[in-house]
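Colleague: Before we start, here is the structure in question, set down as structure tokens.
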Amino acid sequence: MTLSELEAKIEAILFTMGETVGLDKIALATEQDEETCRRVIRNMMDKYIDSDRGIQIIELDGAYQMCTKPEMYETLIRVAHVPKKHILTDVLLETLSIIAYKQPVTKIEIEHIRGVKSDHAVNKLVEYNLVCEAGRLDAPGRPVLFATTEEFLRNFGIESLDDLPVINPDKIEDFKTEAEHEVQMELDI
């Protein structure tokens, strides 16, 4: 099989599936070893980035997906007429951050950190497919555990959770002090 034939097969797999496909499945379908497929896909990713194309291949947690480039959004909504752009408010971003860094996490843990009820925020994040149920905690009431999804990785342009920014421990202490100050101010009102 020539390189161009292998690229065509990989391209067809990624285009047809429309979601992430694991390297093992691509290798199996193309009858190639995983390392060969990985090299070819990386080369294809570079080609798509370097050319004036409307599509790209992205990697999410070791799996690959073909999708449109973000700069094509405006063009696509002219065809679709209904943009599906979700607005992430400060509350949603705060809740999403907690889930991303503490996952898997229960609503009670989220509410303990935020200091307020988080039902609406968590439900919205599930609706936006940025968060999903990741099982249940083995505790009384068996509360639902929440974690981020591939859509979260895709939307924030990161390959895996390892790419999340590391929070400086000094900043964490500053945040705690600031939060305690805000709580005290609310109690004084």
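Colleague: Can you tell me the relative contact order of the chain? Whole percent, Cα pairs under 8 Å, sequence separation 6 or more. Mind dumping the intermediate values first?
Modeller: On the way: 178 pairs, mean separation 27.8, N = 189.
Reported relative contact order: 15 percent.
Colleague: A further question on this structure: Where in the range 1-58 are there GluC sites (Glu not before Pro) that are in a DSSP coil and have at most 13 other Cβ atoms within 10 angstrom of their Cβ?
Modeller: Filter output for the range 1-58: E19, E31.
Colleague: The chain: longest stretch without exposed trypsin sites (Lys or Arg not before Pro) (DSSP loop, at most 12 other Cβ within 10 Å), sites themselves excluded?
Modeller: My reading of the result: 118-189 is the longest stretch.
Colleague: Moving on. So for the pair D138, I87, with labels modelled 7 Å out along Cα→Cβ, what separation do we get in nm?
Modeller: 4.4
Colleague: With both bridge residues required to lie in the range 32-189, what share of the DSSP beta bridges run antiparallel, to the nearest 5%?
Modeller: Details: 11 of 11 bridges.
Percent antiparallel among DSSP bridges in the range 32-189 is about 100.
Colleague: Further question: Let's test the formula: R0 of 35 Å, r as the Cβ-Cβ distance of M72 and Q184. What FRET efficiency results, to the nearest 0.05?
Modeller: Step by step, r from the Cβ atoms, then E = 0.10.
Colleague: While we're on this one: For the residue pair I49 and F15, what label-to-label distance in nm results when each label sits 7 Å from Cα along the Cα-to-beta-carbon direction?
Modeller: 2.2
Colleague: Could you tell me which of the pairs K47/K102; K9/K124; K69/K117; K25/K47; K102/K124; K25/K69 are separated by over 29 angstrom between their Cα atoms in the structure shown?
Modeller: From K47/K102; K9/K124; K69/K117; K25/K47; K102/K124; K25/K69, over 29 Å: K47/K102; K9/K124; K69/K117.
Throughout, read-outs are computed from the coordinates displayed, never taken from laboratory work. Treat the numbers as computed from the prediction; the structure is a model and nothing was measured. Counting neighbours? That spans all protein chains shown, and the Cβs are built from the backbone with ideal geometry, glycine included.
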